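Structure record follows, encoded as structure tokens.
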2 protein chains.
Amino acid sequence: MYRTHTCGELRLADAGRTVTLAGWVQRIRKMGGMSFIDVRDRYGITQAVTDDPEMNAEVAKLGREFVIQVIGTVRERESKNPKMDTGDIEIRIEKLNVINPSVTPPFTIEDVSDGGDDLRMKYRYLDLRRNPLKNNLILRHRMAQEVRRYLDAHDFLEIETPFLIRSTPEGARDFVVPSRMNPGEFYALPQSPQQQKQLLMVAGFDRYFQIVKCFRDEDLRADRQPEFTQIDCEMSFVERDDVLDMFEGLMKHMFEVILNEKFEEPFLRMSWNDAMKFYGSDKPDMRFGMLLRDVTDLLKGKGFGVFDSSEYVGGICVPGCAGYSRKQLDELTDWVKRPQVGAKGLIYIKVEEDGNIKSSIDKYFSPEILREVAGRFEADKGDLILMMSGIRAKTLVSLGTLRIEMGNRLNLRDPHKYCPLWVVDFPLLEWDDETQRFYATHHPFTAPSQKDMEKFFSNDKEQEAEVSSDSYDFVLNGTEVGGGSIRIHDARIQEQMFKVLGFSREDADYRFGFLINAFKYGAPPHGGIAFGFDRFCALFGGQDTIRDFIAFPKNNMGRDTMDDAPAKIDDVQMKELYLKSTYEK
Amino acid sequence: MYRTHTCGELRLADAGRTVTLAGWVQRIRKMGGMSFIDVRDRYGITQAVTDDPEMNAEVAKLGREFVIQVIGTVRERESKNPKMDTGDIEIRIEKLNVINPSVTPPFTIEDVSDGGDDLRMKYRYLDLRRNPLKNNLILRHRMAQEVRRYLDAHDFLEIETPFLIRSTPEGARDFVVPSRMNPGEFYALPQSPQQQKQLLMVAGFDRYFQIVKCFRDEDLRADRQPEFTQIDCEMSFVERDDVLDMFEGLMKHMFEVILNEKFEEPFLRMSWNDAMKFYGSDKPDMRFGMLLRDVTDLLKGKGFGVFDSSEYVGGICVPGCAGYSRKQLDELTDWVKRPQVGAKGLIYIKVEEDGNIKSSIDKYFSPEILREVAGRFEADKGDLILMMSGIRAKTLVSLGTLRIEMGNRLNLRDPHKYCPLWVVDFPLLEWDDETQRFYATHHPFTAPSQKDMEKFFSNDKEQEAEVSSDSYDFVLNGTEVGGGSIRIHDARIQEQMFKVLGFSREDADYRFGFLINAFKYGAPPHGGIAFGFDRFCALFGGQDTIRDFIAFPKNNMGRDTMDDAPAKIDDVQMKELYLKSTYEK
């Protein structure tokens, strides 16, 4: 028995008890003839104290992060620390044992550390001792338990699906695993258990979930991980709203038990079309307004060449920014011209405090027209209208990016304010110019909307492009946290889908044959959703970086700098796998 | 909305309600002018009925496993079926919709199916529709929730560890994953999160758990899977008994909530030495007695050559089998001579009903000695003593195997009787003749027993071989369900361990450097355990085969016959991975 109590639990009521604590040396202080040790464990910090000269000498030998055991008596502190749960008491040290010494850590184990990113990644086990990271992982633990509690209570069964599966890439690249027993062949690690969970529906399990690791071998953008965790769910005998209602319930449960936020009203549901039109994004941040307005009808065809040659003219109204200087506006113009935003320029209309209108297109438009435009934006005195023009789809996205930027600049994106949203009716298909074919926006098993069935079976590319799907995303504060769809359960529709995607029958059979075959034996109508658990945790933690919510993350090269994976394997194993590396440095 | 109720919930109190059910056609019967459909879903079966001629015609078009929707009125049945939860009612069909037809399934979806193993594996999604498999997975779901509930309530944090880690094989072979971004290098899939969970202890998380997939690329014996699930746990500031007490609590909780079995008494704890001595096994089945007895002192050196040249003579006493015929004994002798048992022969002593003693070694020993032997076995009238001799360690194991066989033959191994046991104090090291070195019995991080520290540091192979370890197995009904140990947290002991295992400093550093390094920064004393979740579920389900408790298992060639994984990947991907297959058919 190394301890009778943790470092977080002793209170005034324990005064007089003899206790044994064990933990890490957080800090040592000396004052006159007294020594104080802050002993830390996961549960808190307790102060141990001595005024005995011999004991003082022992304390002097301790260093930061030594693991020690303190035996002593609990007593009331003279100067209490109301910031600490254990701040009313201290331990009078009777015996002090060093359980394990520590070399000096490469950075301080404090809430704000002096270690750089790379150093903290390499010594991740030390970084995780710091409260911010520790608390992130505790939050994640609590969220996982609550997700399961809710889904279990709603008759979902947690069923484990295999990690070594058949490679059926259609979208991202699979990680593969060579099979020694089946030489020349490979398993794939699942990008998601999509096909398996659909088979579980065919098997009649009705409601399935799993909190499960998924894998994607993509070039890593910032804050993406090659392995990530999904809350993966599927339900049978459901239509879209049945799925949304169920998982809106889950989200409300999570908001309430984890964040103490009650949502009495239903979450907003917005079509993909409206999301693009009003927010220039398929994942609108609803914490602030600044909606996109279409002013094409007002400004096109009026003799201003830039607008006249544009499919679309639109903008946003930034509140209270009419005072922006020439310099600020130039900087913003440069900002939108960056390839990440891709605009050709930025046009402004200022509604000044005195009601006057000033604009970079004063020369081309009468004050009346500009005033009408300002009216369309419901611009108040002091507001700044920023406009772009061009191809509609592209300009909407650029404006959406600008909107988010202005939200950031005006501090309208409070990480502790939560605005959930369902975006529905995504397009079924996306055209790829390079390969000259459609790709499934979601995946090839997503059902086309009932209302667009005629277009879907038209065998006409233009009509096919207009088909919307029975799909949905759960969006929180401008981030897609979850996405899913009603699946195709009708063999005839699935066959047409493969045809639209340009798969030959042989190709479809080779990749998805087992699933197509399964659907012949009485597949129920079904649909589901998957939530990105890492991102979900980060959002609930009020933070941006998913890496801080993962115990042992990888860097942007897919490398774990702590254990230095990946690494070479020995020749024997390469031979057993019938593999040869063709890489030469 | 496809249904108002499931097929398992309607009762007499619902009579008169109009309901909509959806599910699979289990069975159709016709009687006079009436048709009956058993509609099945995960929750049960409900009978739907019609006497309408038109509706009868519609019903006649249905086939087994069609997915249908039935709208109708609940009414009391005339002839109730007390075996079914819904047996008091039936649905008078008002409307019948075929949601999805089914081709004829390749085997019957009944509790006992007519499908062979291979066929049922290929059509796993149909096999899973059968009650026995469905109920296994529901049991597994419940067990997973309860394990987490208990551990969460005891302050364990569920922390996900990475699946793409560094390969550090020491024991079984790793599955590896080529890294595209780091050409020529590989990740390994974890055989267990051993090092990661120890790092979490170094990080101060104090109590960790995870229900997690692990991977081992071994030639598959019957009922082994290349991917399997562990309940993986680790605790800080603990000694052996702290760990055993905690997980004995978990097991008692599981027995109570899942099986309604209360264990008031502590589980038995037995040393590895005693387990081998009395049961000839490190995982004794405690459901029956038939303990091994050592009679070397009574029978060796008495002039019978076979015994005189043996290190050990021992046996078991099989109750009530003195009547075994010559033929039965010969068959048993052949059985023990099989290479799987490896005995050279079998000697018997019968204590007949009249008290007379008959033995295959009558010629060599006096009735007095044989009677003394029978006394040592506490043999009653009618009992049969079976004996073997040879090298002690080997003979104990052969006798242990025979004991289990006799337990099977006498039906003493009731799968619904549960006898849990802790086996403790395993040897730290196992000598391997082939490579002429020690291997860690458990793993290289297991702490040697405190009492054997002198031998451990002796640098003398004979003394090292005698060192026992602070390890433990949880054994249920002759099966190892869990195993773990107190880990080394002292750098000096870890260094010696690597030395004993014959690792050079460079080798140890290359493989485990990150862990050795981490231990310099204040590693707390810690220990843990991992339970084989698949096996645990099977035992709680009263069954032998773990495959029946896994949704999508693989066969003995590591192949999923349903999706036909593993498979070839295309040349583009091979090139991206800088890999070439050297395999030629």
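Nearest 5 percent is fine: what portion of the DSSP beta bridges confined to the protein assembly as shown is antiparallel? If I count the DSSP bridges inside the protein assembly as shown, around 90 percent turn out antiparallel.
Here's the list of lysines a cross-link from residue B:80 could span, going by alpha-carbon distance under 18 Å and ignoring same-chain residues fewer than 8 apart: B:30. Plainly put, the tip 7 Å out from Cα toward Cβ on residue A:517 is 4.9 nm from that tip on each other copy, the closest given first. For segment B:351-492, the share of accessible area belonging to carbon and sulfur comes to 46 percent (1.4 Å probe, ligands and nucleic acids excluded). Averaged over the residues of B:574-583, the number of partner chain Cβ atoms lying within 10 Å of the residue Cβ comes to 6. Among the chymotrypsin sites (Phe, Trp or Tyr not before Pro) in segment B:489-585, those placed in a DSSP loop whose Cβ has at most 14 other Cβ atoms within 10 Å are B:583.
So how much accessible surface do A and B hide from each other in total, probe 1.4 Å, in square angstrom to the nearest 100? All intermediate terms of the calculation are to be shown ahead of the outcome.
On the way: alone 30220 and 30180 Å², together 48950 Å².
Summing both chains' loss of accessible area gives about 11400 Å².
Residues of segment A:67-100 losing 40 Å² or more of accessible area relative to the isolated chain, 1.4 Å probe, heavy atoms only? Residues shielded by partner chains are A:100.
Position residue A:381: other-copy label points at 11.8 nm, ordered by increasing distance, label point 7 Å along Cα→C-beta. Inter-copy label distances at residue B:119, 7 Å along the Cα→beta-carbon direction, one decimal in nm, shortest first? The answer, with the shortest distance listed first, is 6.8 nm.
Rounded to two decimals, what is the ratio between the C-alpha radius of gyration of segment B:467-585 and 2.2 N^0.38 Å? Don't skip to the end; give the middle numbers.
Numbers: Rg = 21.5 Å, N = 119, 2.2 N^0.38 = 13.5 Å.
Taking N as the residue count of segment B:467-585, the ratio is 1.59.
Taking a straight Cα-Cα cut-off under 25 Å and skipping sequence neighbours fewer than 8 places away in the same chain, the lysines within cross-link reach of residue B:344 are B:277, B:283, B:300, B:302, B:327, B:358, B:363, B:394.
For chain A, the square roots of the Cα gyration tensor eigenvalues, ordered a ≥ b ≥ c, give a/c of at least 1.5 with a/b no greater than b/c, which places it in the oblate category.
Over all residues in A:215-222, what is the mean tally of Cβ atoms on other chains that come within 10 Å of each residue's Cβ? Walk me through the numbers on the way to the answer.
Working: counts 3, 0, 8, 2, 2, 1, 0, 0.
What the average comes to for A:215-222 is 2.
Working from Cα pairs under 8 Å separated by at least six residues, relative contact order for chain B is 13 percent. What segment A:518-559 shows is 23 Å² of accessible area per residue, with the surface traced by a 1.4 Å probe over protein heavy atoms. Scan segment A:203-268 for chymotrypsin sites (Phe, Trp or Tyr not before Pro) in coil per DSSP, keeping those whose Cβ has at most 16 other Cβ atoms within 10 Å, and list them by number. Within segment A:203-268, the qualifying chymotrypsin sites (Phe, Trp or Tyr not before Pro) (loop, at most 16 other Cβ atoms within 10 Å) are A:263.
Pull out a ≥ b ≥ c, the square roots of the eigenvalues of the alpha-carbon gyration tensor of segment B:410-476, then state rounded if a/c is under 1.5, prolate if not and a/b is larger than b/c, and oblate in the remaining case. Mind showing how you got there, number by number?
Numbers: a/c = 3.31, a/b = 2.10, b/c = 1.58.
Judged from the Cα gyration tensor, segment B:410-476 comes out prolate (a/c at least 1.5, a/b above b/c).
Scattering from the C-alpha atoms of segment A:288-409 alone, worked out with Debye: what is log10 I(q)/I(0) at q = 0.18, 0.19, 0.23 1/Å? Reported log10 I(q)/I(0), two decimals: -0.90, -1.01, -1.55.
Please label the shape of the protein assembly as shown as rounded, prolate or oblate, based on the square roots a ≥ b ≥ c of the eigenvalues of the alpha-carbon gyration tensor (a/c under 1.5 means rounded; beyond that, a/b larger than b/c means prolate, else oblate). Judged from the Cα gyration tensor, the protein assembly as shown comes out oblate (a/c at least 1.5, b/c at or above a/b).
Each listed q (0.11, 0.14 Å⁻¹) maps to a log10 I(q)/I(0) for segment B:12-100, found by the Debye formula over equal Cα scatterers with no solvent: -0.25, -0.42. Our summary gives segment B:206-327 a relative contact order of 14 percent, counting only alpha carbon pairs under 8 angstrom and 6 or more residues apart. With a 10 Å cut-off around each Cβ of A:148-160, the average count of Cβ atoms from other chains is 5.
Tell me which lysines have Cα within less than 16 Å of residue A:520's Cα, excluding those fewer than 8 residues away on the same chain? Result set, ordered by chain and number: B:122.
The helix-only estimate of mean residue ellipticity at 222 nm for chain A, built from DSSP H runs of length n ≥ 4 each weighted as -39500 (n - 2.57), is -8500 deg cm²/dmol after division by the residue total.
The values are calculated or read from the model by the stated rules, or taken from the named source; none is laboratory data. Nothing here was measured: the structure is a model prediction, and the numbers come from that model. With ideal geometry, Cβ positions are generated from the backbone for all residues, glycine too; neighbour counts draw on all protein chains shown. For accessibility, only protein heavy atoms count, side chains too; no ligands or nucleic acids. Shrake-Rupley method; radii C 1.70, N 1.55, O 1.52, S 1.80 Å.
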